[in-house]
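The values are calculated or read from the model by the stated rules, or taken from the named source; none is laboratory data. Given the structure is predicted, the values throughout are model-derived calculations rather than measurements. Cβ placement follows ideal geometry from the backbone for every residue including glycine, while neighbour counts extend to all protein chains displayed.
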Amino acid sequence: MTTLQALGLSCYVLASLSMPVIAPASAAEWRNSDCRFDRDDGGNAVKVCRDQESIGIFWDDGSYVNGWCDSRDYDIEFEGLSKSDALSWVKDYCG
């Protein structure tokens, strides 16, 4: 079970994966159970959900990143992208 499934969050996304983006808002601006839409460098829509210290990032092609934004050293689950790109997404949104 993924982090977001355990939290009861669902994922609906609109496009395929490209490269990481820089977070549009600081981590301090997020509220629990907050989901936002963004675009990756390829212009594809991405759904980013945050709940306390966990984060989930989803694309409609099935690619995803689930991770933690605390002292767990960016412990992540990911599929459909490289570990380097997955870590970049987590760092961008958690930082």
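Can you confirm whether Leu9 is among the aliphatic types (A, V, I, L, M), surrounded by 15 or more Cβ atoms within 10 Å (Cβ to Cβ), outside any strand (DSSP E or B) and at pLDDT 90 or above? It would help to see each step written out before you state the result.
Numbers: among the aliphatic types (A, V, I, L, M): yes; surrounded by 15 or more Cβ atoms within 10 Å (Cβ to Cβ): yes; outside any strand (DSSP E or B): yes; at pLDDT 90 or above: no.
Against the criterion (among the aliphatic types (A, V, I, L, M), surrounded by 15 or more Cβ atoms within 10 Å (Cβ to Cβ), outside any strand (DSSP E or B) and at pLDDT 90 or above), Leu9 does not qualify.
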Check: Would a scan of the stretch 73-92 turn up a residue that is of a type outside the set (Lys, Arg), outside any strand (DSSP E or B) and touching a Cys at 6+ places or on another chain (Cβ under 6 Å)?
Finding: no
Item checked: Considering residues of the stretch 79-95 that are of a type in the set (A, V, I, L, M) and modelled with pLDDT of 90 or more only, the residue surrounded by the fewest Cβ atoms within 10 Å (Cβ to Cβ) -> Leu81
Next item on the list: Can you give me the number of residues within the stretch 36-78 that are surrounded by fewer than 18 Cβ atoms within 10 Å (Cβ to Cβ) and of a type in the set (A, V, I, L, M)?
Entry: 1
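So which residues in the stretch 41-70 are in a loop (DSSP other than H, G, I, E, B) and closer than 17 Å to Gly95 by Cβ, if there are any at all? I'd like the intermediate steps shown before the answer.
Pass one, the stretch 41-70, residues in a loop (DSSP other than H, G, I, E, B): 41-44, 52-53, 59-63, 69-70.
Correct list: Gln52, Glu53, Cys69, Asp70.
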